[in-house]
Amino acid sequence: MKPNPTTVTAQQSAQQPMSASESMGWLLGLVRAACDVEVAHFEPRGHALRPQTDTQPGLMLEPADRDDIRELSELTLALNAQSFQAPSIRGARQFRGTTAAGRSRRFRHFSSWRVDVDGNRELSGQLCLYSSASRLLTPDQTRQARHAAQLAASWLGTMSDATTDDLTDTLERGHGAELLEKDLARSIRTLKPFVIAMIDLDHFKQLNDSSGHHTGDEALQLTARLLREVYKRASDGVVRWGGEEFLVFHPETQPNEGTERLESFMLKLAQAKFAHPHGIDGRLTASAGVVRFQPSPQDFRSGDMKAKAETLVRQADQAMYRAKRDGRNRFCVGSTLERPETTNAST
Ligand SMILES: Nc1nc2c(ncn2[C@@H]2O[C@H](COP(=O)(O)OP(=O)(O)OP(=O)(O)O)[C@@H](O)[C@H]2O)c(=O)[nH]1
């Protein structure tokens, strides 16, 4: 690919840690510079897109938009177009829209790439590029665009290492805690219920002692894989919180979703039948605690998101210890939090 200013800027900024959304902006910038793409649609893996409206206004990728990759990843971006009409872009080969110059045109799909930046969430999915009929790409331009996207994806892949846990490919604790605070803040803004669960493997020390550390590692990897299967939406967080402890969090989009998804994980773990000589029924089990937080308008006023997140984590932890005390291989529900600052009784 010919060097261009976008590439230089991108390579320079790649020396600095970039957020996932900045990375996405950068990737699109590269592709746009290479091939005049007009509409880019990012389809996160394992995550259904919101229904599109009949006429979606064009959305530019401006710095102000970049804090929120979860919202961003659900969007279709009109890079050089004014607007486009598409009831659902997902899988669309073509749709009508208006170019930047105000002309009505048919936009055609010309290429898609798998983007796999973070094994757990966010920029993992399919980037589909559309161009208007008057701008169909030459084979050379297509090659350039492909090269740009591959280059960007490989840079981004390298950068994701700092935020994920090497062994389990889930979010590393520091990064997970930051996302938790952001997601909690969003739930408070939107007044949507929010769920946190703490999951801890049972008798894990004994598994290490009897079957070896390597088997212990495999148990952690299995657990992480099953959690990722259950908590697979772009808005879900799966974090390795401690040695054999995982934290998950997500907005509650359906009633009772927190407990149902945890049940589904427990069932998958039981079906995996991972042998544990000292485990319940000779297999690997887990104990968990889950709390659901329903924000109220009052929460806007007390803004210490870190303290709120810590309280919720502590309550999930207390509920998890209750599950351990009650015999393990189960989960307990912490009391619904009306005010996360108050640490009264989840046990
Ligand atoms: N294999 C392996 N073991 C780890 C890792 N990180 C922490 N551990 C081990 O995890 C074990 C945690 O044991 P405990 O906290 O005593 O808990 P437990 O044996 O699971 O007991 P309960 O939680 O009460 O059921 C310790 O032996 C740690 O050495 C890891 O990355 N790999």
Pair list, Cβ < 8 Å and 6+ apart or interchain, from segment 216-231 residues that are more than 10 Å from the ligand (Cβ to nearest atom) to residues that are open to solvent by 10 Å² or more (accessible area, probe 1.4 Å) and basic (Lys, Arg): 224/240; 226/268; 229/268; 230/261; 230/268; 231/261
Among the residues of segment 281-291, how many are in contact with a Lys or Arg (Cβ under 6 Å, 6 or more places away or on another chain) and not polar (S, T, N, Q)? 1
Taking residue 191 and the conditions (1) surrounded by fewer than 19 Cβ atoms within 10 Å (Cβ to Cβ); (2) within 11 Å of the ligand (Cβ to nearest atom), which numbered condition does it fall short on, given that it satisfies the others? (2)
Against the condition outside the structural domain of residue 324 (by TED's automatic domain parsing) and either more than 16 Å from the ligand (Cβ to nearest atom) or among the acidic types (Asp, Glu) (or both), how does residue 236 come out, does it pass? no
Counting only residues that are in a helix (DSSP H, G or I) and of a type in the set (A, V, I, L, M), which one in segment 165-188 is nearest to the ligand (Cβ to nearest atom)? 177
Considering only segment 147-162, I want to know if a residue exists there that is surrounded by fewer than 19 Cβ atoms within 10 Å (Cβ to Cβ), outside the structural domain of residue 249 (by TED's automatic domain parsing), modelled with pLDDT under 90 and more than 30 Å from residue 39 (Cα to Cα). yes
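The values are calculated or read from the model by the stated rules, or taken from the named source; none is laboratory data. Note that the coordinates shown come from a computational prediction; the quantities given were computed from them, not determined experimentally. Positions of Cβ are generated from backbone atoms using ideal geometry, with glycine treated the same way; all protein chains shown enter the neighbour counts. For the accessible areas, the whole protein counts, side chains as well, though only heavy atoms, and no ligand, DNA or RNA atoms are used. Shrake-Rupley method; radii C 1.70, N 1.55, O 1.52, S 1.80 Å.
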